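Since the structure comes first, as structure tokens, the remarks are kept for the end.
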Amino acid sequence: MSSGGEPGGGNSRADDRLHRLAASGDAEGLRRALASTPGAPDLYRHWPPLEDIIVRHGLKGTPLHAAAAAGEGECARLLVEHGADPARKVIQSERGDEEIAYADAAWLARSRGHRRLAEMLAAVEQHHQGAGGAAEKT
């Protein structure tokens, strides 16, 4: 893993709060939480709603994955502004060290019918890759 830490790592209470705020569309609450939790936009945690989209158990995603799947564009933009990487994939890590990458935020948004959000996330990802920035992190 890179700057986001270990897939289940970090402060789990803060991780859960960020995921819940992102998925619920509470942009103001998310803004406050991000200000008090530096480096949190790319922390992974188990997020059960992802299992309804990608039919696998034990999936872990970032707050951006939660926002994208819920179609919460304002929260997704806020997370990207705070450094969330749209190229990061939802992962499955049931055996400890083995991680299996599945879908990025744009795919999650598209699969749930959030076309504009998917286009925005894909454009940000493409811009980062074109600028030599965000390499795929899984």
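Structure notes:
- Residue pairs whose Cβ atoms lie under 9 Å apart, sitting 6 or more positions apart in sequence or on different chains, and linking a residue in segment 73-89 that is at positive phi to a partner that is part of a loop (DSSP other than H, G, I, E, B) and polar (S, T, N, Q), are Gly83/Ser3.
- Residue in segment 53-77 that is surrounded by the most Cβ atoms within 10 Å (Cβ to Cβ), counting only those that are at pLDDT below 95, assigned to a loop (DSSP other than H, G, I, E, B) and out of contact with any Pro (no Cβ under 8 Å at 6 or more places or on another chain): Ile54
- For segment 111-131, filtered to residues that are in a helix (DSSP H, G or I) and over 15 Å from Ala87 (Cβ atoms), the residue that is nearest to the chain's Cα centre (by Cα) is Leu117.
- Pick from segment 34-52, criterion assigned to a helix (DSSP H, G or I) and surrounded by 19 or more Cβ atoms within 10 Å (Cβ to Cβ), ranking: farthest from the chain's Cα centre (by Cα): Leu34
- When residues in segment 89-113 are screened for being modelled with pLDDT of 90 or more and either basic (Lys, Arg) or surrounded by fewer than 22 Cβ atoms within 10 Å (Cβ to Cβ) (or both), 6 of them pass.
- Within segment 27-58, the residues that satisfy the criterion of being over 24 Å from Glu119 (Cβ atoms) and among the hydrophobic types (A, V, I, L, M, F, W, C) are Ala33, Ala35, Ala40, Leu43, Val55.
- Residue in segment 7-23 that is exposed (fewer than 15 other Cβ atoms within 10 Å of the Cβ), acidic (Asp, Glu), at pLDDT 75 or above and farther than 24 Å from Gln126 by Cα present: yes
The values are calculated or read from the model by the stated rules, or taken from the named source; none is laboratory data. Computed from a prediction, not measured in an experiment: that's the story for all the values here. Every residue, glycine as well, gets a Cβ built from its backbone with ideal geometry; the counts of neighbours run over all protein chains shown.
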